[in-house]
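Okay, so here's the structure we're looking at.
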Amino acid sequence: MKPDIRHGIFLAILAAGLYALNSPFSKLLLRFMPSTLMAGFLYIGAGLGMIMIFIFRRIAGRPGNEAPLTGKELPYVIAMIVLDIAAPICLLLGLSMTTAANVSLLNNFEIVATAVIALAIFREAISPRLWLGILFVTASCALLSIDDLSSLQFNSGSLFVLLACICWGIENNCTRKLSSKDPLQIVMIKGIFSGTGSVVIGLICGERAVHLGIIPVVLLLGFVAYGLSIYFYVYAQRILGAARTSAYYAVAPFIGVFLSLLIFREIPGILFVAALVLMIIGTWLSSGDT
């Protein structure tokens, strides 16, 4: 394996580990802040964190030599912002309706969305092994979306999470088109504009942050789980491509599941265990496609 490929894999897994903090800790924070407002503050935290890194980099005399965004990339930037408003709102709505462990595992549907869109729109090659991995991941997500197997009642929270994954799958491919540009600038734009959009939508819908002291905590979580995670993800995409980066990023849900079970002492049922086994197989097949 080439050194740059190893570096790309490391960055993708690092991004995954940071993002894994999102589901369990967001579940805790949803007790103190409505979902749409919280989605906005998470992204604003990411943007503000990147601005601080930019300032520190300038003070240290290391401005960097990354290529800035130009007008040519504007359609992808707009799509990225809109999708990054919709996806976190859907994710947090889902998180408020189902368990954090379920949400963490369902996040792997992003592999399916990213890979299929990469093929259908951007003609990125997908191997038979990755297709098989996608099949297992999809089967796992179907199990996680069922509340009652005997009556086949679907969990509306899971469906919101899957919708979030589809939004992020499209957004991943838009970001892939920007991956040769400065990742710091990309995350600043994502954070500030997407976050502000979500906050405005939340306020229009009548949401209010009752516990103002929780806002700095949400901003910090956004900086770590969204800001730094996206920053490293963009670098990984530059090396690995959208579909392959998404495959390695798939370790995030398993870290999230472990944290969720640890924090909330959730006892998984038979459906969850079966879905977990299918997801592990699907992730192994997907991640082995290097």
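The values are calculated or read from the model by the stated rules, or taken from the named source; none is laboratory data. Owing to the predicted nature of the structure, the values given are computational and were not obtained by experimental measurement. Methodologically, a virtual Cβ is constructed for each residue, glycine included, from the backbone with ideal geometry; neighbour enumeration extends over all protein chains shown. Ligands, DNA and RNA are stripped out before the accessible areas are found, and what is left, the full protein with its side chains, is counted by its heavy atoms. Shrake-Rupley method; radii C 1.70, N 1.55, O 1.52, S 1.80 Å.
Please indicate, with yes or no, whether at least one residue in region 131-140 is among the hydroxyl-bearing types (Ser, Thr, Tyr) and modelled with pLDDT under 90.
yes
Take the conditions open to solvent by 10 Å² or more (accessible area, probe 1.4 Å), part of a helix (DSSP H, G or I) and in contact with a Cys (Cβ under 7 Å, 6 or more places away or on another chain) and apply them to residue 142. Does it pass?
Here the answer is no, as residue 142 does not meet what is asked.
Being free of Cβ contacts under 8 Å to residues at least 12 places away in the same chain, farther than 29 Å from residue 123 by Cβ and over 13 Å from the mean Cα position of the chain (by Cα) narrows it down to one of 263, 267, 255, so name that one.
Of the residues listed, the single one that is free of Cβ contacts under 8 Å to residues at least 12 places away in the same chain, farther than 29 Å from residue 123 by Cβ and over 13 Å from the mean Cα position of the chain (by Cα) is 267.
Could you please let me know if residue 72 is basic (Lys, Arg), part of a helix (DSSP H, G or I) and closer than 18 Å to residue 215 by Cβ?
When the stated conditions are applied, residue 72 does not pass them.
If the Cβ limit is 6 Å and pairs must be 6+ apart or interchain, which residue in region 177-197 that is under 25 Å from residue 121 (Cα atoms) pairs with which residue that is open to solvent by 20 Å² or more (accessible area, probe 1.4 Å) and hydroxyl-bearing (Ser, Thr, Tyr)?
Between residues of region 177-197 that are under 25 Å from residue 121 (Cα atoms) and residues that are open to solvent by 20 Å² or more (accessible area, probe 1.4 Å) and hydroxyl-bearing (Ser, Thr, Tyr), the close pairs are 177/76; 178/76; 183/231; 183/235; 187/231.
Filter region 201-218 for residues that are open to solvent by 40 Å² or more (accessible area, probe 1.4 Å) and either within 30 Å of residue 6 (Cα to Cα) or in contact (Cβ under 8 Å) with a residue 24 or more places away in the chain (or both) and give the result.
Answer for region 201-218, where residues must be open to solvent by 40 Å² or more (accessible area, probe 1.4 Å) and either within 30 Å of residue 6 (Cα to Cα) or in contact (Cβ under 8 Å) with a residue 24 or more places away in the chain (or both): 201, 203, 205, 208, 210, 211, 217.
Among the numbered conditions (1) among the hydrophobic types (A, V, I, L, M, F, W, C); (2) closer than 23 Å to residue 41 by Cβ; (3) open to solvent by 20 Å² or more (accessible area, probe 1.4 Å), tell me where residue 162 comes up short.
Going through (1) among the hydrophobic types (A, V, I, L, M, F, W, C); (2) closer than 23 Å to residue 41 by Cβ; (3) open to solvent by 20 Å² or more (accessible area, probe 1.4 Å) one by one, residue 162 breaks only (2).
Which one is surrounded by the most Cβ atoms within 10 Å (Cβ to Cβ) among residues in region 95-138 that are more than 22 Å from residue 255 (Cβ to Cβ) and either within 15 Å of the chain's Cα centre (by Cα) or basic (Lys, Arg) (or both)?
Per the criteria, the residue is 129.
What's the total number of residues in region 28-69 that are assigned to a helix (DSSP H, G or I) and either under 20 Å from the mean Cα position of the chain (by Cα) or of a type in the set (Phe, Trp, Tyr) (or both)?
The number of residues fulfilling the criteria is 20.
Mind listing whichever residues of region 259-274 are assigned to a helix (DSSP H, G or I) and surrounded by fewer than 24 Cβ atoms within 10 Å (Cβ to Cβ)?
259, 261, 262, 263, 264, 270, 271, 272, 273, 274
Name the residue that is farthest from residue 84 (Cα to Cα), counting only residues in region 201-215 that are among the hydrophobic types (A, V, I, L, M, F, W, C) and not in a loop (DSSP other than H, G, I, E, B).
Taking the candidates together, the pick is 212.
Out of all the residues in region 31-54, which are within 22 Å of residue 193 (Cα to Cα) and open to solvent by 20 Å² or more (accessible area, probe 1.4 Å)?
If the condition is that a residue be within 22 Å of residue 193 (Cα to Cα) and open to solvent by 20 Å² or more (accessible area, probe 1.4 Å), then 34, 41, 44, 48, 51, 52, 53, 54 are the ones that fit.
When you scan region 246-258, do you find a residue that is assigned to a helix (DSSP H, G or I), touching a Lys or Arg at 6+ places or on another chain (Cβ under 7 Å), crowded, with 21+ Cβ neighbours inside 10 Å and modelled with pLDDT under 85, even just one?
No, because not a single residue in region 246-258 is assigned to a helix (DSSP H, G or I), touching a Lys or Arg at 6+ places or on another chain (Cβ under 7 Å), crowded, with 21+ Cβ neighbours inside 10 Å and modelled with pLDDT under 85.
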